[in-house]
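Undergrad: One structure is given below, represented as structure tokens, and several questions about it will come after.
Just so it is clear, none of the values below were taken in a lab; they were calculated from the coordinates. Since the model is a prediction, treat every value here as computed from it, not as a measurement. Neighbour counts are summed over all protein chains in view; Cβ atoms, including those assigned to glycine, are modelled from backbone coordinates with ideal geometry.
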Amino acid sequence: MTRDPSYFDDLPPLHTQADVTAVWTHLMGELGFGSRSLWVLFIGRDGHAHPAVMKVEQLDVRPDDLFCANLMQICGNFVDDDPAHGRVAMLLTRPGRAAMTEGDRVWVSMLYRTFRRAGIAAEPLHLANDEELRLVAVDDVGLDPDLGETG
């Protein structure tokens, strides 16, 4: 995906889950994916999105500790190096039409837990397949909203 960075200049600040969902919906356009990918958007403390979207392609069926550690390092460096970038929004995409697969649950759970352990502020995750784009709350995958662990 290539977006003109000026697209981000016209965005209102992202303060709500609905704001983040609207941005992901616009950025993805027509749904349809060839493989599982993770998209990461950095949002400043003022709510403005950074005009760079990181895409990690060809993800494994299940996340591993090394992938999560590397992702946290990248996200942590970005947030720590520039105080204007206060939080992260993520979208997991994959081919298919099933609303939520076991693989989706594993990825979402691992990402939620990893971000909480790292202390990096993250928006609720989003999931898109060939049919829909939706928010996935922590309780959708069996995590306690306060503790980030299975309740």
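Undergrad: Just order 55-66, 122-133, 94-105 by mean Cβ neighbour count inside 10 Å, highest at the front, would you?
TA: On the way: 55-66: 11.9, 122-133: 18.7, 94-105: 14.2.
With the highest mean Cβ count within 10 Å placed first, the list reads 122-133, 94-105, 55-66.
Undergrad: Based on the alpha-carbon gyration tensor of the range 89-131, what equivalent-ellipsoid semi-axes (square roots of 5 times the eigenvalues) come out, in whole Å, largest first? Don't jump to the answer; show the numbers that get you there.
TA: Numbers: eigenvalues 94, 23, 7 Å².
Taking √(5λ) for each Cα gyration eigenvalue gives 22, 11, 6 Å.
Undergrad: Using 7 Å Cα-to-Cβ label points, what is the Ala22/Arg45 separation (nm, one decimal)?
TA: Output for this residue pair reads 2.5 nm.
Undergrad: Out of all Cα-Cα pairs in the range 12-58, roughly what percent, to the nearest whole number, are more than 15 Å apart? Please list the in-between numbers first.
TA: Numbers: 531 of 1081 pairs.
Counting pairs separated by more than 15 Å, the tail of P(r) holds 49 percent.
Undergrad: Given the Cα-Cα distance of Asp65 and Leu11 and 0.36 nm per residue of separation, how much length would full extension add, in nm? Can you show the working numbers first?
TA: On the way: separation 54, 0.36 × 54 = 19.44 nm, distance 3.43 nm.
Using 0.36 nm per residue and subtracting the Cα-Cα distance, I get 16.0 nm.
Undergrad: Moving to a separate point now. Taking 0.36 nm per residue of sequence separation and subtracting the Cα-Cα distance, how much length would be gained by fully extending the chain between Met100 and Ala52, in nm to one decimal?
TA: Details: separation 48, 0.36 × 48 = 17.28 nm, distance 2.76 nm.
Working it through step by step, the gained length comes to 14.5 nm.
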